[in-house]
Amino acid sequence: MSIPRVLLIALAAFVVGALLATGVAALARSLTDDSRPSITLADVVRDDLPGFANASAPTADACGDRRGCVEGVVGDGVVIYRYQSLDLARQSVIYSDADFYRSDRLVIEFEDALTPDERFQLLQVVEGTWTASSD
């Protein structure tokens, strides 16, 4: 076998390997990242939602110094934050002492003001938004 032929085969193998690795990486990211990357708090928060009656509009100021927080809404006994990425949302709750719930890029922090039924109703709305689910 000649040297040019070996080099051509090696180059083809390299290209196929690079394409395969890129495809696997894209598939892994789609499986590990959230399915609702474009969701905003305006899509979730509304006046009839427990804890958010008369709440202000989502704003970056509500985030305070939370790393990667894009926007937040402070309600009555509950706060909800949206993070730039799924990883940043995960990091925000790792060392948190708050009573929280994380759904994709959204993190909800609870105080004692909401009843268990109100919490359940809130979580149903958050989890059901943009999922094509009626529950």
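The values are calculated or read from the model by the stated rules, or taken from the named source; none is laboratory data. From a predicted model like this one, the values you see are computed outputs, not experimental measurements. Positions of Cβ are backbone-derived with ideal geometry, glycine not excepted, and every protein chain shown enters the neighbour counts. SASA here: full protein model, heavy atoms, side chains in, ligands and nucleic acids out. Shrake-Rupley method; radii C 1.70, N 1.55, O 1.52, S 1.80 Å.
Listing for the model above:
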read-out	value
Inter-probe distance in nm under a simple model that places probes 7 Å from Cα toward Cβ, at ASP87 and GLU127	2.7
Contact order relative to length of the stretch 39-135, as percent, for alpha carbon pairs under 8 angstrom and 6 or more apart	23
Carbon and sulfur %, accessible surface of the chain computed with the full protein complex present, 1.4 Å	57
Contour minus Cα-Cα distance for ALA12 and PHE100 (0.36 nm per residue)	26.6 nm
Rounded accessible area per residue of the chain, 1.4 Å, Å²	64
Cα pair distances exceeding 23 angstrom across the chain, given as percent	45
Length added when fully stretched, ASP43-THR115, from 0.36 nm per residue minus Cα-Cα	23.6 nm
